[in-house]
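Structure first, commentary second.
The values are calculated or read from the model by the stated rules, or taken from the named source; none is laboratory data. Because the structure is predicted, anything quoted here is derived from the model rather than measured. Methodologically, a virtual Cβ is constructed for each residue, glycine included, from the backbone with ideal geometry; neighbour enumeration extends over all protein chains shown. Calculation scope for accessible area: heavy atoms of the full protein, side chains included, ligands and nucleic acids excluded. Shrake-Rupley method; radii C 1.70, N 1.55, O 1.52, S 1.80 Å.
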Amino acid sequence: MKTMNQVKSQEELREMLGSPSLRGQNKVIATIDGHCRDYISKSPFLVLSTSDAEGNCDSSPRGDAPGFVYILDDQHLIIPDRPGNKRVDSMFNILSNPKIGLLFIIPGMGETLRINGEAAIIKDEEILNKMAVNGKSPQLGILVKVEQCYMHCAKAFKRSGLWEPESWSSKEDLPSAAKILAAHVNMPEMTEGRIIADLEEGYKNRLY
């Protein structure tokens, strides 16, 4: 790859981009206040970011009915761990490096809520039973101790047209997840058709 001219210091970055406004500097709070509670209660989706002790990163989507994230108090929240592919990359990362970042999203709303803090994995049945769906409680939860909460503006959503259906690609033009998985897995028995069937079965029977 061609060698590119890179920014090498915080000073150079500040010189190029300037400093944040007073609003930008002061918007960060350290608790889940009433406004944050209201946002979280209406959010059905978040992106969970972690890294391991060596700094290898992972971002994981988490979604459920609005309000699926349980707020324990003004400093702690719990994300239920629903059935997945059992790679548990996020949880392995948390065990070696508890630092975590969350991005809460509400469909149709451009502004997002960002939360940073420290995480732990819990197996407390009394708490997890409060997050049961269809009579099924999560086996584990991700407990987050909040250190920073703040709103993020809608510029990225406006630039991308994310909530504007007229800007979306047609379904026929979308990439095929099954085709991509078949190519990446590269196992004779894992054909595109087999993966389509497996995905559909999982979506139908193993959401909880």
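Listed cross-link partners 86/158; 42/179; 136/158; 42/158 are compared with a 28 Å cut-off, the Cα-Cα value being larger for 86/158; 42/179; 136/158. In the chain, helical runs assigned H by DSSP with n ≥ 4 each contribute -39500 (n - 2.57); averaged across all residues and rounded to the nearest 500, the mean residue ellipticity at 222 nm is -8000 deg cm²/dmol.
As a length-normalised measure over Cα pairs under 8 Å and 6 or more apart, the relative contact order of segment 50-208 settles at 21 percent.
Hey, got a sec? Which GluC sites (Glu not before Pro) in segment 88-149 land in a DSSP loop and have at most 15 other Cβ atoms within 10 Å? Passing sites in segment 88-149 are 111. Scalar couplings 3J(HN,Hα) for segment 132-141, obtained by applying the Karplus form with A = 6.51, B = -1.76, C = 1.60 to θ = phi - 60°, are 5, 10, 6, x, 10, 8, x, 5, 9, x Hz; x denotes Gly and Pro. Here the dipole of the chain is about 260 debye; that uses its Cα centre as origin and unit charges on the Cβ of Lys and Arg (positive) and Asp and Glu (negative).
Measuring spread by the Cα atoms of segment 49-131 yields a radius of gyration and Dmax of 13.3, 37 Å. Using C-alpha pairs under 8 Å with a sequence gap of at least 6, the mean separation divided by the residue count of segment 12-95 gives a relative contact order of 28 percent. Match the structure shown to one of the listed values [x] 55, 53, 40; [y] 47, 36, 36; [z] 49, 48, 33 of Cα extents along the principal axes in Å, computed from it, and give that label. Label [x] holds the value from this structure. Could you pull out every one of the aspartates and glutamates with an alpha carbon less than 15 Å from that of residue 123, ignoring same-chain neighbours closer than 8 positions? The qualifying aspartates and glutamates are 81.
Shown for segment 31-183: the carbon plus sulfur share of the solvent-accessible area, taken with all protein chains present and a 1.4 angstrom probe, equals 54%.
Among the GluC sites (Glu not before Pro) in segment 171-205, those located in a DSSP loop and surrounded by at most 11 other Cβ atoms within 10 Å of their own Cβ are 189. Sequence-ordered 3J(HN,Hα) estimates for segment 36-48 from the Karplus curve with 6.51, -1.76 and 1.60 and θ = phi - 60° stand at 5, 4, 5, 4, 4, 5, 9, 9, x, 8, 8, 10, 10 Hz, glycine and proline given as x.
Rounded to whole numbers, the Karplus 3J(HN,Hα) couplings from phi for segment 9-16 are 8, 5, 4, 5, 5, 5, 4, 7 Hz, using 6.51 cos²θ - 1.76 cosθ + 1.60 with θ = phi - 60°, and x at Gly and Pro. Sorting 153, 36 by solvent-accessible area of protein heavy atoms yields 153, 36, largest first, with a 1.4 Å probe.
In this structure residue 27 has an accessible area near 90 Å², from a 1.4 Å probe over the protein heavy atoms.
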